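Right, one structure below, let's go through it.
The values are calculated or read from the model by the stated rules, or taken from the named source; none is laboratory data. All values reported here derive from a predicted model rather than from experimental measurement. Neighbour counts are summed over all protein chains in view; Cβ atoms, including those assigned to glycine, are modelled from backbone coordinates with ideal geometry.
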Amino acid sequence: MQHLDNDVRELSVAEHQLIEDGHTHLDQFLRELRETCCEFYSLEGCQGCDRGKVASCQGRLNSFEHVFLDFVIEHFKNEEKIMSKIFSNQDTNECFRLHQQEHDKLLREMQSLMHKLSTESDRGHTAVAIREFHYRVTELFGKHARMFDDPFIRQLKGGKK
C-alpha cells in the first residue's frame, strides 16, 4: 500500500467501526450458513438427509447467496465511500483505485461461484455446494482483508504516515 498524502485525514472511530461491523457481519453470515447444513463436516454430503431437509437447504443456500451478495455490495460501497472522503483525490489515488478494482473482482468471482454452486445444489449436492461456498468465500475475503483492508485501516487509524 502506498504512503498517504499530506491531504489525507485520519480514519474516524465511526468509520473504523462501520468497516469492522461489516467484517463481523460477514463472519456471522458464514457461520449461519455453516450451521444450516447438518452434514457440513461430513464427506457423505446430503445422503443422510431426507428430501425435505435437502429441499430446505437448497432454498436456504439460494436465498443466502442473494442476501449475502446484497450485503457484500453494500459493505463495499461503505468502504469506498469512506475511502473517497479520506483521500483528497480518489480518481488519481492508486490505493483507492486498486481497492475498488479488487472489490469489483471479488463481486465477479462471487457471482460466478454462486452460479456454479447453484447448479451443484440443483444436482442434489447441496452440502458440497454449501461447503464450497463457505470455504471459497472465507478464502477470498480473508485474502482481501489481509491485502487491502488491514493495511488501509492500520495506516489510517494512526493518521498520516
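Observations on the structure shown:
- ILE86 modelled with pLDDT of 90 or more and among the β-branched types (Val, Ile, Thr): no
- Residue in region 34-83 that is surrounded by the most Cβ atoms within 10 Å (Cβ to Cβ), counting only those that are within 20 Å of TYR135 (Cα to Cα) and modelled with pLDDT under 85: GLY45
- Residue tally, condition among the hydrophobic types (A, V, I, L, M, F, W, C), surrounded by 18 or more Cβ atoms within 10 Å (Cβ to Cβ) and at pLDDT below 90, over region 129-152: 2
- Residue match in region 16-31 (condition: surrounded by 12 or more Cβ atoms within 10 Å (Cβ to Cβ), within 22 Å of ILE73 (Cα to Cα) and modelled with pLDDT under 85): yes
- Residue match in region 98-120 (condition: of a type in the set (S, T, N, Q) and in contact (Cβ under 8 Å) with a residue 60 or more places away in the chain): no
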